[in-house]
Amino acid sequence: MTSTRTDAAEIGAALLRLRRTTGLPVAFGGLIEAGGRQMRIQQLSGTATASLRALVVSLGNGLGGKALARTRPCAVTDYRASRQISHEYDEAVRQEGLHAVLAVPVVVRRRVRGVLYGALRAAQPLGDRTLGAAVAAARDVEQALVVQDEARSLLTSSGATRGDPDGARAAAWEQVREAHGALRALAPRITDPGLRAELLAACGLLTGGADNGRRPEAGLTAREVDVLGCLASGATNAAVAERLGLRPETVKSYLRSTMRKLGASTRGEAVVAARRAGYLP
């Protein structure tokens, strides 16, 4: 998977959610470039001009640069009149006709990966509700980027295990199995169908089974595989329910169905059978 392409796709989807949930007419955002000292605005939603497209924002400069430096949301009622920020980008903001602007950093594992902006063409305060909705959109992006990072890690681990001739192979495969379960649990939360399919395909590179589109004889559903993947990492029914957003009774129901299909009498037997059938790594 290409990091820049998939990250940018998540930023674009988040901007649409930001506008929908906040009612702000304009949203834009971008990703941190190599070196981590500047961000390029790549995605625009609701803009009337191209003045902001490809604008490079340096750490500490303007509203977005301030959000980058502080790793927390920032907002101004009137961008060009504000004394809280520097004004390197006033001309681009003027051309777009923006006044009230908020900037929310996207932070993954303590590292800023991008910034989401929302804006009004009027000078008026942006309330806590609006800021909260913008922060929620950024959290969605952060979660998606964690999934992508795990997928890349999973693929790297897969390559490492195939070339490992000694006892470290078993330990590495355990890590791969844990990552597989985590990715399967997170995949349903990804709103972009293309990205979700990419993620499941990455899982399939390890299993060689259902994730790759092949239908093993047992005929497990995707959700049954998700439950088994979590159980395989040692999670309790309650922990599986929390991870997958299900009720504990629903997890038990999936487990009973899975055991019946696999001809297993215990969850351990079910996990082993699922691995032999190609559902789990």
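The values are calculated or read from the model by the stated rules, or taken from the named source; none is laboratory data. Just so we're clear, the structure is a prediction, and the values are computed from it rather than from any experiment. Don't worry about glycine lacking a Cβ; one is built from the backbone with ideal geometry, like all the others, and counts go over all protein chains shown.
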Would you confirm, using the coordinates I've provided, whether ALA232 is at pLDDT 80 or above and either farther than 18 Å from PRO188 by Cβ or surrounded by 14 or more Cβ atoms within 10 Å (Cβ to Cβ) (or both)?
no
Kindly indicate whether ALA100 is touching an Asp or Glu at 6+ places or on another chain (Cβ under 8 Å) and over 17 Å from GLY29 (Cβ atoms).
no
Which one of these does PRO25 not meet: (1) surrounded by fewer than 19 Cβ atoms within 10 Å (Cβ to Cβ); (2) without any contact (Cβ under 8 Å) to a residue 60 or more places away in the chain?
(2)
Within region 227-281, helices (runs of 4 or more DSSP H) holding 2 or more residues that are among the basic types (Lys, Arg)
248-262, 267-277
What single numbered condition from (1) surrounded by fewer than 21 Cβ atoms within 10 Å (Cβ to Cβ); (2) touching a Cys at 6+ places or on another chain (Cβ under 6 Å) fails to hold for ALA8?
(2)
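Kindly evaluate ALA122 against the criterion of being surrounded by fewer than 18 Cβ atoms within 10 Å (Cβ to Cβ) and closer than 18 Å to PRO25 by Cβ. I'd like the intermediate steps shown before the answer.
Values: surrounded by fewer than 18 Cβ atoms within 10 Å (Cβ to Cβ): yes; closer than 18 Å to PRO25 by Cβ: yes.
Yes: the conditions hold for ALA122.
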Which one of VAL106, VAL135 is assigned by TED's automatic domain parsing to the domain that holds ASP7, under 23 Å from GLY36 (Cα atoms), buried (at least 22 other Cβ atoms within 10 Å of the Cβ) and of a type outside the set (D, E, K, R)?
VAL106
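For GLY12, are the conditions met, namely being at pLDDT below 90 and in a loop (DSSP other than H, G, I, E, B)? Talk me through it step by step, then tell me what you get.
Values: at pLDDT below 90: yes; in a loop (DSSP other than H, G, I, E, B): no.
Judged against the criteria, GLY12 is not a match.
Only one of ARG94, ARG72 is assigned by TED's automatic domain parsing to the domain that holds GLN124, surrounded by fewer than 17 Cβ atoms within 10 Å (Cβ to Cβ) and out of contact with any helix residue (DSSP H, G or I) (no Cβ under 8 Å at 6 or more places or on another chain); which? Give the derivation first.
Values: ARG94 fails: out of contact with any helix residue (DSSP H, G or I) (no Cβ under 8 Å at 6 or more places or on another chain).
Residue meeting the stated conditions: ARG72.
Of all residues being surrounded by fewer than 19 Cβ atoms within 10 Å (Cβ to Cβ) and not acidic (Asp, Glu) in region 31-41, which is nearest to ARG20 (Cα to Cα)? Just the residue, please.
Kept after step one, since they are surrounded by fewer than 19 Cβ atoms within 10 Å (Cβ to Cβ), are these residues of region 31-41: 33-38, 40.
Keeping just the survivors that are not acidic (Asp, Glu) gives 34-38, 40.
Numbers: ALA34: 31, GLY35: 33, GLY36: 30, ARG37: 30, GLN38: 28, ARG40: 23 Å.
Looking at the filtered set, the residue picked out is ARG40.
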